[in-house]
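What follows is a short report on a single structure.
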Amino acid sequence: MTTILIMCAGVLVGATVFPERLAKWNSRFQLLLTGLLIFTMGVGLGNRPDFLEELGTLGLDSLIFAAVPILCSVAVVWPLSRRFLEKRDREGE
Amino acid sequence: MAIIALICLAAGVACGLWFLPQEAVNFFTGHSQLVLYLLMFLVGISVGLGKDVFRKVGSYRLRVLLLPAAIIAASVLAGLLCAPLTGRQLAESVCITSGMGWYSLCGILLTDLAGPEAGAVAFLANLLREMLSFLVIPWIAAHLNHYAAIAPAGATSEDTTLAVLIRCTGEEIVVLAVVNGVLCSAAVPFLIRFFYSLLG
């Protein structure tokens, strides 16, 4: 909920006072923070006490439980969005 | 973007495992929420700069529910498929995939419901879903379509993976991703309890 509220504050700033000429810098800074966020998540993951053991014993199951939902989600959303959302975009043009 | 994400992730894991002293690890992990907040503020600015984003998103009307409904259904279906693949109980399997990337909550709930081993798999699996999302979203956005790029993210499309989504898609998709993330996140605790009591 906090993240949504902070994002809403950003939307308000972007829509009112943020100069458009700084949009490129905003984008670059986002890339930097995204990299830092992923790095931080990696640090937290690597620092788990039994990370390598867990990865060895539960890793394959975890990978299956991660990859199959991704594949299924994309396999369901892609055709549906082509049928109902992209069609709407084409009609709107 | 995928290559940057992979390098950052690998470097982070290596630093967490071998190179960083515990104080530095605590510093990074203790400030990750702050980084996320700052990132969300900047993403909000990008959305605010696109003047007619909300009018466009409003024009979707009920179709705005299509993405979360499809992602929830697909994640549950994935749980049904994963059970025979991993040899785990159906209830456990569906509950793990119903986490849709929300690893902290899913790990805790599964530990309570099915024990620490199931909790650890739930935690790792949903964390991996988020990590893999960082890597596959750029490819999906480039080769399939921008709507499908939201699909891997599941419940995380309102926060961590949103930053990758805005780089690979656009402001309109970001607003749809936030709506999707909020609805998927709201559904996670209900789905886990419901499927565990139904199938357990």
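The values are calculated or read from the model by the stated rules, or taken from the named source; none is laboratory data. The structure presented is a predicted model; accordingly, all values stated were derived computationally and were not measured. In this analysis, Cβ positions are derived from the backbone assuming ideal geometry, glycine residues included, and neighbour counts consider all displayed protein chains. For the accessible areas, the whole protein counts, side chains as well, though only heavy atoms, and no ligand, DNA or RNA atoms are used. Shrake-Rupley method; radii C 1.70, N 1.55, O 1.52, S 1.80 Å.
The residues of the range A:9-27 that are over 19 Å from the mean Cα position of the chain (by Cα), assigned to a helix (DSSP H, G or I) and of a type in the set (A, V, I, L, M, F, W, C), listed by number, are A:ALA9, A:LEU12, A:VAL13, A:ALA15, A:LEU22, A:ALA23, A:TRP25. Only one of the listed residues (B:THR161, B:THR169) is more than 20 Å from B:LEU77 (Cβ to Cβ) and facing chain A (nearest Cβ under 10 Å). That residue is B:THR161. If the condition is being modelled with pLDDT under 85 and open to solvent by less than 60 Å² (accessible area, probe 1.4 Å), then the range B:50-70 contributes B:GLY50, B:VAL53, B:VAL57, B:GLY58, B:SER59, B:TYR60. Criterion applied to A:VAL77, A:VAL11 was being within 22 Å of B:SER93 (Cα to Cα), facing another protein chain (nearest Cβ under 7 Å) and surrounded by 16 or more Cβ atoms within 10 Å (Cβ to Cβ), and the one residue passing it is A:VAL77.
Applying the selection to the range B:152-187, what residues are within 18 Å of B:CYS106 (Cα to Cα) and aliphatic (A, V, I, L, M)? Result: B:ALA153, B:ALA155, B:VAL182, B:LEU183, B:ALA186, B:ALA187. When the helices (runs of 4 or more DSSP H) confined to the range B:77-172 are screened for residues that are open to solvent by 40 Å² or more (accessible area, probe 1.4 Å) and under 12 Å from A:SER62 (Cβ atoms), those reaching at least 3 such residues are found at B:116-143. Applying the set (1) open to solvent by 10 Å² or more (accessible area, probe 1.4 Å); (2) under 25 Å from A:LEU45 (Cα atoms); (3) of a type in the set (Gly, Ala, Ser) to B:ALA187 leaves exactly one unmet item: (2). The helices (runs of 4 or more DSSP H) located wholly in the range B:1-68 that include 1 or more residues which are more than 7 Å from chain A (Cβ to nearest Cβ) and within 20 Å of B:CYS168 (Cβ to Cβ) occupy B:2-14, B:53-58.
Being more than 7 Å from chain B (Cβ to nearest Cβ), closer than 19 Å to B:VAL47 by Cβ and without any contact (Cβ under 8 Å) to a residue 24 or more places away in the chain is a condition met by no residue of the range A:50-63.
Quick grid of which residues meet (1) under 26 Å from B:PHE123 (Cα atoms); (2) under 18 Å from the mean Cα position of the chain (by Cα); (3) assigned to a helix (DSSP H, G or I); (4) of a type in the set (Val, Ile, Thr):
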{"site": "A:MET7", "(1), (2), (3), (4)": "no, yes, yes, no"}
{"site": "A:LEU33", "(1), (2), (3), (4)": "yes, yes, yes, no"}
{"site": "A:LEU36", "(1), (2), (3), (4)": "yes, yes, yes, no"}
{"site": "A:PRO49", "(1), (2), (3), (4)": "yes, no, no, no"}
{"site": "A:GLY59", "(1), (2), (3), (4)": "yes, no, yes, no"}
{"site": "A:SER62", "(1), (2), (3), (4)": "yes, no, yes, no"}
{"site": "A:VAL74", "(1), (2), (3), (4)": "yes, yes, yes, yes"}
{"site": "A:TRP78", "(1), (2), (3), (4)": "no, yes, yes, no"}
{"site": "A:LEU85", "(1), (2), (3), (4)": "no, no, yes, no"}
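Of the residues in the range A:20-58, how many are open to solvent by less than 80 Å² (accessible area, probe 1.4 Å) and in contact with a helix residue (DSSP H, G or I) (Cβ under 8 Å, 6 or more places away or on another chain)? Residues in the range A:20-58 being open to solvent by less than 80 Å² (accessible area, probe 1.4 Å) and in contact with a helix residue (DSSP H, G or I) (Cβ under 8 Å, 6 or more places away or on another chain): 25 in total.
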